[in-house]
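To start, the structure itself, in structure tokens.
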Amino acid sequence: MNRRQDERRAEYERFKKDVKERGKPFFPYAMFHDTVMSLLVVSLIVVMAVIWKFTANEGTAEGDSGLLGKLYDEKADPGTTNFVPRPDWYFYFLFYLLRIFKWPESVVLGTVGIPTILVVLLLAFPFLDKSLERRPLRRPVAMVAALLTIASMGILTYKGATAEEPLPEENRALVPTWAQQQGFADNQDAVDGAEIFAQVGCMNCHTYLGAGASNLGAPDLSDIGATSNRGVQGFADYVADPTAFGNSVMPKFESLGEENLRKLGEFLQASQGPQ
């Protein structure tokens, strides 16, 4: 143990000697250069953002384009039903992990467990690998770990980028099957409510007879009418303002209007499970 400590001290002394004779220490020289470069990059971004903002007019016509392009193509529509949210490209790998680790049984592994373990290993690696060897061919463990990391990140990013989400039109095509399996084909209000359910984004979080996505702990609604005694109006009130019932995760849908909410309540009440 003492011999290893002596070797480390000797190596450190050689390093300090080399720095003194041939190089400059990280602080303050390299840190100063990094700070100046960072300020230049941030300043350039700010200048370009100001030019973009004040040279372009608000609009979508070609004449509204400024020196660095238009402000936007179309204003955001909060009431859209055909927009499928996607993460930025550098989160695609995590986005696809959520498809592998389903809620609620294993989603913690994909969102917290695996990323945390990898970050801890990354931080611990300099303390674990104390070898002075730097040639790649003589570091098989480190090289294999690096290649596996690059490959897994690349594959998950590609899979996340090419993953397809069901569109509202595709969900709406399932309504006749739902009506047949659930036995509400003769209830037009329930059928209309099923179409509303398929189009307004409910299936981004809920599943229904195997379709949709299970996110944020949202339950499957295939038999919600049998497991809950809310009734038609109770379901309508709940969907209109879930926060009034202690649900702060689900968004409000009061903008659908009383008639559509009532039809949605009819659909949920008629969802007794496959007949």
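The values are calculated or read from the model by the stated rules, or taken from the named source; none is laboratory data. The shown structure was predicted, so the numbers you read here are calculated from the model rather than taken from an experiment. Every residue, glycine among them, receives a Cβ derived from its backbone with ideal geometry; neighbour counts consider all protein chains shown.
What the table below lists for this structure:
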quantity	calculated
Complete set of residues in the stretch 233-275 that are hydroxyl-bearing (Ser, Thr, Tyr) and either on the phi > 0 side of the Ramachandran plot or free of Cβ contacts under 8 Å to residues at least 60 places away in the same chain (or both)	238, 243, 248
Odd one out for residue 147, checked against (1) in the same structural domain as residue 225 (by TED's automatic domain parsing); (2) free of Cβ contacts under 8 Å to residues at least 40 places away in the same chain	(1)
Top-ranked residue of the stretch 18-59 - restricted to ones that are of a type in the set (Phe, Trp, Tyr) and closer than 30 Å to residue 75 by Cα, ranked as surrounded by the most Cβ atoms within 10 Å (Cβ to Cβ)	52
Search result, residues across the stretch 207-229 that are surrounded by 18 or more Cβ atoms within 10 Å (Cβ to Cβ) and under 17 Å from residue 266 (Cα atoms)	208, 221, 222, 224, 225
Residues (of a type in the set (Lys, Arg) and either surrounded by fewer than 20 Cβ atoms within 10 Å (Cβ to Cβ) or under 26 Å from the mean Cα position of the chain (by Cα) (or both)) located in the stretch 230-275	230, 252, 262
Residue list for the stretch 212-243, filter: at pLDDT 90 or above, small (Gly, Ala, Ser) and not in a helix (DSSP H, G or I)	222
Number of the exception - residue 176 against (1) assigned by TED's automatic domain parsing to the domain that holds residue 263; (2) at pLDDT below 85	(2)
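Residues checked against (1) basic (Lys, Arg); (2) surrounded by 14 or more Cβ atoms within 10 Å (Cβ to Cβ); (3) within 25 Å of the chain's Cα centre (by Cα):
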| residue | (1), (2), (3) |
| --- | --- |
| 144 | no, no, no |
| 156 | no, yes, yes |
| 162 | no, no, yes |
| 169 | no, no, yes |
| 186 | no, no, no |
| 195 | no, yes, no |
| 198 | no, yes, yes |
| 203 | no, yes, yes |
